Number of protein chains: 2
Amino acid sequence: MIPTISDVRAARERLAGGPHRTPLLRSRLLGEHAGGAAFLKPENLQRAGAFKFRGALHAIRTLADDERRRGVVTYSSGNHGQALALAAREEGVRAVVFMPEDAPAAKVAAARSYGADVRFAGTTSPERKAAAEALVDREGVVVVPPFDDPRIVAGQGTVGLELVEDLPDVDVVLVPVGGGGLAAGVTLALKASRPDVEIVAVEPTTADGLGRALAAGAPVEIPAPTTIADGLKPLQVGEIPFAILSEHRARAVTVTDEEILDAMRFLALRARLVVEPSGAAGVAALRAGKVPLEGRTAAVVLSGGNVDPALLARALGSEGFDG
Amino acid sequence: MIPTISDVRAARERLAGGPHRTPLLRSRLLGEHAGGAAFLKPENLQRAGAFKFRGALHAIRTLADDERRRGVVTYSSGNHGQALALAAREEGVRAVVFMPEDAPAAKVAAARSYGADVRFAGTTSPERKAAAEALVDREGVVVVPPFDDPRIVAGQGTVGLELVEDLPDVDVVLVPVGGGGLAAGVTLALKASRPDVEIVAVEPTTADGLGRALAAGAPVEIPAPTTIADGLKPLQVGEIPFAILSEHRARAVTVTDEEILDAMRFLALRARLVVEPSGAAGVAALRAGKVPLEGRTAAVVLSGGNVDPALLARALGSEGFDG
């Protein structure tokens, strides 16, 4: 089922009292740089540090009573896993998070700090997925996937509802794209009230799954990418997000790791926000001149702020930064 | 003249369309740590990176027409100088900022980027003040001091009006204190609607000008302090701020540089906010257990986010951080 704007609106009601309503922040410097006006939607300030909490909590709040009793499971070791753990704990639901046996200790500790029952299964994504499915067969828990799911897309779309409320005359929205859940949800929310808005989905040059999918007319698998933007590394954009993004003619642009580091530094020192590499992709595209605004008003979704301190320190020291 | 709540309310009207209305962000982790609920008022997201823009713009908007034509001058090389430069540029008023001859190039560049006419005078504060006063005598420009001024205190107080609007049941407010303009303005705003609110003014252990003044019953000069919190180093709390803070029985607590570094790291990694040392003093006090909440609701004013990247990187690497 492809979700619609009605599903996004229903998600917002269902999420009442859950996620933070993040503010909209103007960045005059970024706007001047790109030749228009620029605003930031800082989902790095969201609970658990990323927009993922919206979709995860939404999925849990749509569970039937018997499903709630059995619990949820996911196989994401990143922001989705942490968000699902936190959302489940708050709703009094059990959450199992499968992680690779070589997962960084910090990620394991973070998921546990949010109450997850962390289990380990192999080192690859298919191994984790198989372990999660075995648990589903055995105990009847419900899989909550990270992006290719109507409940998740609708939940992430609430970012767009808030955005267009705070900036009704927005012309361009830049949003990072990995699996596409956020980009698709935001597209639904924006296009409903601003049919002419341009959606620019930003992905790493080495992880251009959406760009290739739009060219091919269907999701295609890309080679395993190397990029610091670890949230944008799914090998394939989701079927549901792809359907929404292609229908609404989203445009895909790419950014390099160097451009992302520059954007992280700009955001830390000029917008005073800590943003993870994936979250800085939209600002990277604007700063690198890939989306000239020509007088238009842009909103940039900063998707998350869960960054390794050493990487943030590296971004702070990045060369060639001119402010 | 000691300003009152009416002056703060008038300042808010006069500031319409100027400063950002900063959000209020809940930090569950900080609240749990301190035994209550904790909210952050992030003035690091304010224009020019600090609450100072409020007072500076307010002072400029109260100028008479002939004063506007002559322009303003200040002798602060920090956030107040930058804020005054930006406010003056936006209002079409000339701003002269006197800086020490050994001012860091970054501070000079920042003030110039906001449009200031930067001039140099000696290396001490009295030398800069004398140079500013000579300009007043010669050209009739208006001095806008950093804190000991009713227009400045009233402008900074708008932080408190927003805070109590967003958190009407606040019990404790923690605010950094240097010259005291922000702490005094916030006190006026809070006490008007929450007479029982506790005001905790936080200062570095080496720069305890308010604590000493409260003990002595009058502002006293302290020895030149050594601290990373460069915004909290005035040698004496202002006469006007002191009158307000002592009347409303503000309490002064102190924090060490190590506690400030820990708070900066916590804010960067857990609240995803870049906060300068002075701005992190309130969080430092809560995290160091100096203000046990015992079930109460606290608001912490993060006063600014203009930090040297090397110092921020140092905070990110600070040891002993337990989350």
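The values are calculated or read from the model by the stated rules, or taken from the named source; none is laboratory data. Note that the structure is predicted; figures quoted are calculated from it, not measured. Please note: Cβ atoms are built from the backbone with ideal geometry, for glycine as well, and neighbour counts cover all protein chains shown. The protein model used for the area step is the full one, side chains on, heavy atoms only, and it has no ligands, DNA or RNA in it. Shrake-Rupley method; radii C 1.70, N 1.55, O 1.52, S 1.80 Å.
Values as computed for the structure displayed
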{"read-out": "Other protein chain Cβ atoms within 10 Å, averaged over every residue that makes up B:267-276", "value": "6"}
{"read-out": "Cβ-vector label at 7 Å, B:Ala224, separations to other copies in nm", "value": "5.9"}
{"read-out": "Residue list for segment B:235-253, given a label point 7 angstrom along the Cα-to-Cβ vector of B:Asp196 and an amide N cut-off under 19 Å", "value": "B:248-251"}
{"read-out": "Rounded FRET efficiency, nearest 0.05, which uses the C-beta distance separating A:Glu91 from B:Glu133 and R0 of 60 Å", "value": "0.40"}
{"read-out": "Top positive-direction residue, dipole computed over segment B:52-143 with Cβ charges, set B:Gly55, B:Pro104, B:Phe120", "value": "B:Gly55"}
{"read-out": "Cut-off 10 Å between beta-carbons: net charge of the residues surrounding B:Gly36, Lys and Arg +1, Asp and Glu -1", "value": "-2"}
{"read-out": "Antiparallel bridge percentage (DSSP; both residues within the protein assembly as shown; nearest 5)", "value": "10"}
{"read-out": "Per residue, in Å², the accessible surface of segment B:52-143 once ligands and nucleic acids are set aside, probe 1.4 Å", "value": "42"}
{"read-out": "Accessible surface buried upon B-A contact (total; probe 1.4 Å; Å², nearest 100)", "value": "1900"}
{"read-out": "Cβ-placed point charges (K, R +1; D, E -1), dipole of chain A about Cα centre in debye, nearest 20", "value": "700"}
{"read-out": "Mean Cα-pair separation over length for segment A:52-143, i.e. relative contact order, pairs under 8 Å, 6 or more apart, %", "value": "30"}
{"read-out": "Charge context of B:Glu294, other residues only, Cβ under 12 angstrom, K/R +1, D/E -1", "value": "-1"}
{"read-out": "Cβ-based charge dipole, the protein assembly as shown, positive-most Cα from A:Leu135, A:Gly31, B:Tyr75", "value": "A:Gly31"}
{"read-out": "Global form of segment B:215-306, assessed from the alpha-carbon gyration tensor, a/c cut-off 1.5", "value": "oblate"}
{"read-out": "Relative contact order [Cα under 8 Å, 6+ residues apart], segment B:166-308, whole percent", "value": "30"}
{"read-out": "Beta bridges per DSSP with both ends in chain A, % antiparallel, nearest 5", "value": "10"}
{"read-out": "Calculated label separations, A:Ala134, copies of the chain, 7 Å along the beta-carbon direction, nm", "value": "8.3"}
{"read-out": "Relative contact order of chain B, pairs being alpha-carbon contacts under 8 Å that are 6 or more residues apart, as %", "value": "21"}
{"read-out": "At 7 Å out from Cα toward Cβ: A:Leu311 inter-copy label distances (nm, ascending)", "value": "2.7"}
{"read-out": "Accessible area of the protein assembly as shown belonging to carbon and sulfur atoms, whole % at 1.4 Å probe", "value": "48"}
{"read-out": "Shielding by partners, peptide B:45-52 (average Cβ within 10 angstrom, other chains)", "value": "2"}
{"read-out": "Most mobile listed residue (A:Ala284, A:Ala215, A:Ala207) in chain A, GNM with C-alpha springs under 10 Å", "value": "A:Ala215"}
{"read-out": "Prolate/oblate/rounded label for segment A:219-264 (Cα gyration tensor, a/c 1.5)", "value": "oblate"}
{"read-out": "Gaussian network model of chain A, Cα within-10 Å springs - most flexible of A:Ala216, A:Ala95, A:Ala83", "value": "A:Ala216"}
{"read-out": "Pairwise FRET efficiency - B:Ala64 versus B:Glu32, Cβ, R0 = 56 Å, nearest 0.05", "value": "0.65"}
{"read-out": "Segment A:236-307 versus segment A:27-92: alpha-carbon centroid distance in Å", "value": "17"}
{"read-out": "The protein assembly as shown, helix-only ellipticity at 222 nm - DSSP H runs n ≥ 4, -39,500 (n - 2.57), divided by all residues, nearest 500", "value": "-13000 deg cm²/dmol"}
{"read-out": "Selection from A:Leu273, A:Ile240, A:Leu174, by position along the positive dipole direction of chain A (Cβ)", "value": "A:Leu273"}
{"read-out": "Whether the protein assembly as shown is rounded, prolate or oblate, judged on the alpha carbon gyration tensor where a/c under 1.5 counts as rounded", "value": "prolate"}
